[in-house]
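The values are calculated or read from the model by the stated rules, or taken from the named source; none is laboratory data. All figures in this text were calculated on a predicted structure; none of them were measured in a lab. Note: ideal-geometry Cβ built from the backbone for every residue, glycine included; neighbour counts use all protein chains shown.
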Amino acid sequence: MHSIVLVDDHAIVREGFKRLIEMEPDLEVVAECRNADDAVEAISQRRPDLVALDLSLPDGSGLPLIEHLRSVATGTRIVVLSMHDGEPYVSEALRRGASGYVTKGAAPEELVAGLRAVMRGEQFLSSDLRQRRAERPNDTLDPIDRLTAREHEVFLLLAAGRAPKQVAAELGIGQKTVYIHRASLMGKLGAGSELDLYRIASERGLLPNRG
């Protein structure tokens with residue numbers, strides 16, 4: 001059974017998503033939260049497999065929350081469910097650590113498809129977002145947007161100074177797999193070393209503030 005925490009400030013929206021998700025026999029909503037503070041508490045206690053997160057919350061934007069959750073619950077993946085369909089929102093959510101982005105205007109079955117894709121370690125965008133990106137010249141994409149969800153996880157950990165052995169332990173994958181992901185993501189980012197990864201992540205504000 002895969003556990004999910006829903007974060008949205010509208011009770012009727014949460015209820016609709018919950019009913020849709022729990023029609024799947026192996027998916028369970030273990031907590032519902034209406035703001036960022038509740039979400040941090042629930043996710044810290046429950047350690048769910050997935051978080052379905054709205055970006056518009058009463059106590060602020062969900063974008064900083066993505067980054068915070070990725071640092072305190074490294075094994076939890078995040079899918080954004082939002083009315084915001086602009087590319088800046090999508091790119092920033094993915095940069096901060098979300099593994100998927102589904103607009104609230106997408107077909108209901110896309111939510112379940114997105115959750116399952118992210119559980120497989122893939123990056124997922126709802127069909128309206130995929131179509132928009134397909135119509136845009138590929139060379140305008142930020143290189144980070146080309147990383148898979150797993151490559152993004154490996155990238156952030158390597159950029160933060162983790163050794164491949166530590167990355168493997170934190171993500172529950174083999175060290176050889178880490179090296180494969182590292183080679184792929186470094187090629188996509190044009191990075192020649194871990195120092196380059198640190199620079200790329202630092203320039204985009206993806207590293208936790210140590211000050």
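Scanning for something in contact with a helix residue (DSSP H, G or I) (Cβ under 6 Å, 6 or more places away or on another chain), under 26 Å from Gly161 (Cα atoms), not β-branched (Val, Ile, Thr) and not in a strand (DSSP E or B), does segment 103-120 turn up at least one residue? No: segment 103-120 contains no residue that is in contact with a helix residue (DSSP H, G or I) (Cβ under 6 Å, 6 or more places away or on another chain), under 26 Å from Gly161 (Cα atoms), not β-branched (Val, Ile, Thr) and not in a strand (DSSP E or B).
Within segment 60-81, none of the residues are in contact with a Ser or Thr (Cβ under 7 Å, 6 or more places away or on another chain), surrounded by fewer than 22 Cβ atoms within 10 Å (Cβ to Cβ), over 23 Å from Thr148 (Cα atoms) and of a type in the set (Val, Ile, Thr). Candidates in segment 158-196 are the residues that are acidic (Asp, Glu) and touching a residue at least 24 places away in the same chain (Cβ under 8 Å); of these, the one that is farthest from Thr74 (Cα to Cα) is Glu194.
Considering (1) surrounded by fewer than 19 Cβ atoms within 10 Å (Cβ to Cβ); (2) not assigned by TED's automatic domain parsing to the domain that holds Leu20, the lone condition that Arg182 does not fulfil carries the number (1). Scanning segment 109-126 for residues being loosely packed, with under 14 Cβ neighbours inside 10 Å and either more than 30 Å from Gly172 (Cα to Cα) or among the hydrophobic types (A, V, I, L, M, F, W, C) (or both) gives a total of 0.
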